[in-house]
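Contents: one structure, followed by commentary.
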Amino acid sequence: MRGRRYLLTALLAGGASAGTSPLAAAAGSAPFPLTGTASEGYARGANRLAVEVRAPPGARCSLRVAAPGSSRTFRAVRVDRADLVAWHWPSTGVAPRSTWTFAVRCTLGSSFAWRTRLVEPGIPSPAGALVGGGSASAASCDAQGVCLAGDRFEVGQCTWYAAGRRPDLIGIVEGNAGGWLLAAAGRVPEGATPVVGALAVWRPGRAGAGALGHVAYVAQVAGGRVLVDDSNWQPTPTSAPLQVHEHWIAAKAPSGYIYGGPAGTGPPR
């Protein structure tokens, strides 16, 4: 797949690295090792998913992927000499923000092993993120037609979009996103708990943010997950640079949240 390889929130059993986590094993001990990854990327004009599994040569492995209202079963494939079997398919139209089940079953002679996991791919979508605060005559529009009035930030940048969604902060926050928490301190309520209407701020280098930090608008909160609307979030491979979209993040990923405006004083006390 083209572009950056983006690991999902859950992977098959094995050593976890940054951005990865283990896939749950079946009850009981497996007769042979079974490891692998699930990934999401962009190819041939569509979001695509891939699952790769490592198992002993000669084993035959099958995959079942299920999401609310959709499921797909891949027939058994023999593991090649590289101890690897892979499945790739378009993910378009398959409940991107729902919980999916990835189940892999491998057999070798009379032995078998399987792994399964509930994951949330977090495939980005424009959806509610394409909300503008102005009109085309505002002269602050991006290539998607998002137009924001009274916004002095550079079009397409995360700061431009966030300020457009929270115009009450214009004149309070300035410069790069990474400094917005400090700029708002003492002037606007802040905290560590997400609230719809708040701005999520990443300091430089935090959880995938670049050297200038990042900022996003909180559109929905679901337990430990937050749906954010933003622009120019580079670690999401299906979104081109300077593009507006929405995607799920962990509530603890940002450095903090700026309340005020539609977010009020923050979470209930």
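In terms of its C-alpha gyration tensor, the stretch 174-269 has an oblate overall shape, because the principal axis ratio a/c (a ≥ b ≥ c, square roots of the eigenvalues) is not below 1.5 and a/b does not outweigh b/c. With 0.36 nm allotted per residue and the present C-alpha distance subtracted, the Phe32-Thr101 stretch has 22.6 nm of extension available.
Projecting the Cα atoms of Gly179, Ala251, Gly156 onto the charge dipole of the stretch 127-263 (Cβ charges, centred on the Cα centre) puts Ala251 farthest toward the positive pole. The gain in end-to-end length when the Arg75 to Arg269 segment is fully stretched comes to 64.6 nm, 0.36 nm per residue minus the alpha carbon separation.
For the pair Glu154 and His88 in one chain, pulling the backbone fully straight at 0.36 nm per residue adds 20.0 nm over the alpha carbon distance.
Every number in this text was worked out from the coordinates using simple rules, so none of it is lab data. This one's a predicted model, so the numbers in the text were calculated from it and none came from an experiment. Positions of Cβ are backbone-derived with ideal geometry, glycine not excepted, and every protein chain shown enters the neighbour counts.
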